[in-house]
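The values are calculated or read from the model by the stated rules, or taken from the named source; none is laboratory data. The model shown is predicted, which means the values in this text are computed figures rather than measured ones. Glycine gets a Cβ as well: all are built from the backbone with ideal geometry, and neighbour counts include every protein chain shown.
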Amino acid sequence: MGINEALGEYSELFMLLAALTYLIAFGAFGWDMAASNRKLAAVNRRAGQQNGTTHPGPRSGSAGTVTADMADPVRAKAPAMAARTSHEGLTGPGDRVARVSGGGGNASDSVADESLLYTAERRTAARIGVSVTALAFTVHLAAVLSRGIAAGRVPWGNMYEFATTGALVVAGVFLLVLTRRDLRFLGTFVIGLVLIMLMAATIGMPTPVGNLVPALQSYWLIIHVSVAVIASALFTLTFAMSVLQLIQTRREAALAAGQAPGMAFMRRVPAALSLENLAYRINAVAFVLWTFTLMAGAIWAEEAWGRYWGWDTKEVWTFVIWVVFAGYLHARATRGWTGTRAAWLCITGYLCIIFNFAVVNTLFTGLHSYSGL
Amino acid sequence: MGNTVKDRTGQEQDSSKPSDDVTLPSLGFVGTLRFVWRQLTSMRTALFLLLLLAVASVPGSLFPQRPKNPATVDQYIEDHPVAGPWLDRLQFFDVYSSVWFSAIYLLLFISLVGCVIPRAAQHAKAMRSKPPRTPRRLSRLPEYGAMAIPATAGMTPSSAIEDAAALLKKRGYRVQVRDRDTARPSVGAERGFLKEVGNLLFHFALIGVLISFAVSGMFGYRGQKILVEGGTFVNNLVSYDSFTPGTNFVTEWMDPFSIRLDDFSVTFERQSKSNYGQPLDFTAEVTTKTAPDAQPRQQVLEVNDPLSFNATNVYLVGNGYAPVVTVRDGQGNVALSEPVVAQVQDASYTSTIVIKAPDAQPSQLSFVGLFIPTAVTGPDGQTVASDPDPLNPQLLLDSYYGDLGLDKGVPTNVYTLDTTGLTQLNGRKLDTGGIVLQANETYQLPEGKGSITFEGLKRYIGVDITHDPGKYGALVFSSLAVLGLLMSLFIGRRRVWIRAGAHEDGRTMVEYGLLARGEDYRLKGEGKALRSLFDKKWLTTNPHKEQ
Ligand code: HEM
């Protein structure tokens, strides 16, 4: 039960350093967005010269290569078969190309890859943003680990620790997804949220390292809270994507109506449909984790208080969040509820998470009110 | 509703109008029912009810709830004389058993049943049916590819299709070969039936969770008991301080166990300056018996670690001090000598205490005040608590005499003192002053009414005793729900068709197309995987790239 208070102070120092480093990363991502305006305009001009006027932006360039790759050789190689079998359907994918480049009738001026893969384009500021985020994450990790070592337990026993560990997981999940998908357009958003969480923790709820009160001395703390934190981190990403999706939807509507869409930096951001699809995939994983959080919480409550469900304030809100995201998943399968409405549900769900953490922990009394504030 | 029914069924008769014809209205009635049922079990309604359920849950966290703290509810109603009674009428203090909350979740679950049962039947049929026929133009499918098997491989279109079918089968597809001996043989394949099975499992499991909830509410019970060191609790109705039975609970089901609290120890933080005095460990040493004539057992009861007696569990949920006091009455007789439970108010264990001595003669005596484990004098001269351990225990009391009203048969709260009808003897505002007792001190009451002695200190624990037969079902069904959810969300339901034909130059041309049912972002990956399998098998060339 020994507390290493000196190490605890180092941890606080690291936390501050991490916040400063994130601030630099935030600036870099912001610069990337701002710079993109000018750069994209230039790219646009070049693309316009190459491609005529049918497609806006360099994406038409890549769509053009797709066309060349897929359709032309087939048309060239398969005519013998195609001629013989036009009814049987051994034709090449000629009809398909039209659909692909038509984008399903979606008027998007996005320059981002549809499946959010990295493109060849060089974005120095964004690269700096990612590198500095990685550095900040390392310092942040050191801060959280030293906190845990100083306390001799998992570093999520009070609100300060939930917030700092939660921010670490948000940044970590972001970096992890970045290795597979180009989510750098989320940089300002995600790192901004991480900064808010770190500031709220260090300024709003500083708590010196301490031991756990008996109510929290359970392995369920490790299971239940860690899964909740991971789920919340994923919901943070989808929240950011849903907000961008709403903006992008408006811009696409403006484009379709032939108006200027405004907010040119949003061209870095993928089309609304791509955002929605990726957000759905992440939400599906997060929902399973949240379901598990709910269950593990119930099991723990049974073990600690003798009832698995008692409509305690915290339980109510965890349930509300679960139902909202169940609604989100249903919305995706309900005609008329996909797209914008689903995005609003995702945002609502995330606001409930924030409420559950920030307001329920501080203003409400309940069995869970050992938040350490 | 009548209008809509007319619209839907095309009947002339408006069912909402009274009619003297017997048959038509009944049709209308059935039509109405069918319409309502169809509406209720639609996805849109399910979504609406889900969101409504979320909204309806919120007031339960904003207003005090009767099942948890009835006293707070009464206080709230008193503080809000206008809104309070209305909120009460609208059941805002009993949200989770209110008519409206119950209506929402019951409708949701009826909708659920109406939704999943037909879907289950449909899926059972789908699982037995053949993969759908090969589309004419595979190139229209979201994933498409074509390849050529070199003439040297000696493959006919039919043998290629047989190979492909075998490959797909190995990957878990259900396959059917068509047009085997024609020029254009093809194979249709489908996999991922477990996705829908998972979805159904998830929704059925939710019904199971709800039933488990009901079982808990009907056959369980829950009670509280405060146990002072040395005290014994026997599990029967009269031993409880408070007891809440389920609606269909039968007293005979109670397990006849008993617990004696031998020792209760508390450890507070002493090393860290910043968290000094925070509790670190509560441990109760108890002697238990599963039945009156059973062997006694030494056990340890801790927070997060309940004791178990068959299906009844005992939880450590609270603790505090019980000062041992002796009250002598005006005639010098001992009217009371026992540990009196003091209720903890803060982290330093400042506790309120009420001492009632109804046996005192000639008049009954009572005391109300504070117990402070470590009393220090604060900056303004007031006595305050500075530590939860008993380093300088003090009792600060006011005293009263007069009829306590305990003989009237009306239940009274042991933790409060109703001073109406009592005469005050001691108090800070009286000339006599308040009573301040250090350990082992005695105070003589004014007017020869008697004395009070602070004899010693014991600790007590508060335990919850619960019997909840529904919890096992809840655990099993919610685990099944998670399993179903995983299957439903992460299994891809896909169809694959492959068709082959002979090229005039001797090559065998193969094309394939993939289609997902429902969300499936891995369709592309599956297309690639199949492609590389075929390439390996047949050493194919890409008709797009060759020459
Ligand atoms: C107790 C309330 C309910 C909850 C918590 C719930 C939850 C869920 C969840 C989490 C999913 C996502 C799984 C997936 O995408 O496959 C889902 C899917 C689904 N639910 Fe529910 N559900 C509820 C009630 C209902 C009701 C009443 C209906 C019928 C009207 C329904 C019909 C469906 C259908 C058809 C799907 C599959 C959607 C798809 O094909 O993607 N659910 N439900």
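Some observations on this one:
- Within region B:459-491, considering residues that are in a helix (DSSP H, G or I) and more than 16 Å from the ligand (Cβ to nearest atom), the one surrounded by the most Cβ atoms within 10 Å (Cβ to Cβ): B:471
- Residue in region A:305-364 that is farthest from the chain's Cα centre (by Cα), counting only those that are more than 7 Å from chain B (Cβ to nearest Cβ) and among the charged types (D, E, K, R): A:312
- Filtered by the rule that a residue be more than 16 Å from the ligand (Cβ to nearest atom) and more than 11 Å from chain B (Cβ to nearest Cβ), region A:275-296 gives a lone residue, A:275.
- Residue B:499 fulfils the conditions (1) within 23 Å of residue A:277 (Cβ to Cβ); (2) in contact with an Asp or Glu (Cβ under 6 Å, 6 or more places away or on another chain) except for a single criterion, (1).
- Every residue from region A:216-263 that is buried (at least 19 other Cβ atoms within 10 Å of the Cβ), farther than 18 Å from residue A:297 by Cα and among the polar types (S, T, N, Q): A:236, A:238, A:242, A:245, A:248, A:249
- Complete set of residues in region B:444-474 that are aliphatic (A, V, I, L, M), away from every other protein chain (no Cβ under 14 Å) and under 30 Å from residue B:266 (Cα atoms): B:452, B:457
- In region B:108-122, the residues that are under 17 Å from residue B:484 (Cα atoms) reach residues that are of a type in the set (A, V, I, L, M, F, W, C) and near the ligand (Cβ under 7 Å from one of its atoms) with C-beta atoms within less than 7 angstrom, at least six apart or across chains, in these pairs: B:112/B:206; B:115/B:46.
- Within region B:498-520, considering residues that are under 16 Å from residue B:190 (Cβ atoms) and more than 10 Å from chain A (Cβ to nearest Cβ), the one nearest to the ligand (Cβ to nearest atom): B:517
- Set B:148, B:183: member being surrounded by fewer than 17 Cβ atoms within 10 Å (Cβ to Cβ), assigned by TED's automatic domain parsing to the domain that holds residue B:513 and away from the ligand (no atom under 16 Å from the Cβ): B:183
- In region B:416-449, the qualifying residues are those that are free of Cβ contacts under 8 Å to residues at least 60 places away in the same chain and assigned to a helix (DSSP H, G or I), and the one that is surrounded by the most Cβ atoms within 10 Å (Cβ to Cβ) is B:446.
- Any hit, region B:521-530, residues being closer than 21 Å to residue A:280 by Cβ, within 16 Å of the ligand (Cβ to nearest atom), touching a residue at least 12 places away in the same chain (Cβ under 8 Å) and out of contact with any helix residue (DSSP H, G or I) (no Cβ under 6 Å at 6 or more places or on another chain): yes
- Of the set (1) at pLDDT 90 or above; (2) away from the ligand (no atom under 13 Å from the Cβ); (3) within 14 Å of chain A (Cβ to nearest Cβ), all apply to residue B:195 but (2).
- Unique residue being within 14 Å of the ligand (Cβ to nearest atom) and either within 13 Å of chain A (Cβ to nearest Cβ) or touching a Lys or Arg at 6+ places or on another chain (Cβ under 9 Å) (or both) when the list is B:62, B:53, B:107: B:53
- Among the residues of region B:90-134, the ones that are within 21 Å of residue B:52 (Cβ to Cβ) and either not assigned by TED's automatic domain parsing to the domain that holds residue B:36 or not hydroxyl-bearing (Ser, Thr, Tyr) (or both) come to 21 in all.
- Filter pass, residue B:77 being without any contact (Cβ under 8 Å) to a residue 40 or more places away in the chain, of a type in the set (A, V, I, L, M) and more than 16 Å from the ligand (Cβ to nearest atom): yes
- Summed over region A:297-346, residues that are part of a helix (DSSP H, G or I), within 10 Å of the ligand (Cβ to nearest atom) and of a type in the set (S, T, N, Q) total 0.
- Residues in region B:358-415 that are among the β-branched types (Val, Ile, Thr), part of a strand (DSSP E or B) and touching a residue at least 12 places away in the same chain (Cβ under 8 Å): B:368, B:372, B:374, B:376, B:383, B:384.
- Some residue of region B:423-438 being within 29 Å of residue B:284 (Cα to Cα) and not aliphatic (A, V, I, L, M): yes
- Residue pairs whose Cβ atoms lie under 6 Å apart, separated by 6 or more positions or on different chains, with the first residue in region B:132-157 and over 18 Å from residue B:175 (Cα atoms) and the second at pLDDT 85 or above and among the hydroxyl-bearing types (Ser, Thr, Tyr), are B:145/B:512; B:149/B:508; B:155/B:508.
- Condition broken by residue B:69, with the remaining ones in (1) within 16 Å of the ligand (Cβ to nearest atom); (2) at pLDDT below 80; (3) within 10 Å of chain A (Cβ to nearest Cβ) satisfied: (1)
- When A:301, A:333, A:279, A:286 are screened for being out of contact with any Lys or Arg (no Cβ under 8 Å at 6 or more places or on another chain) and at pLDDT below 90, only A:333 passes.
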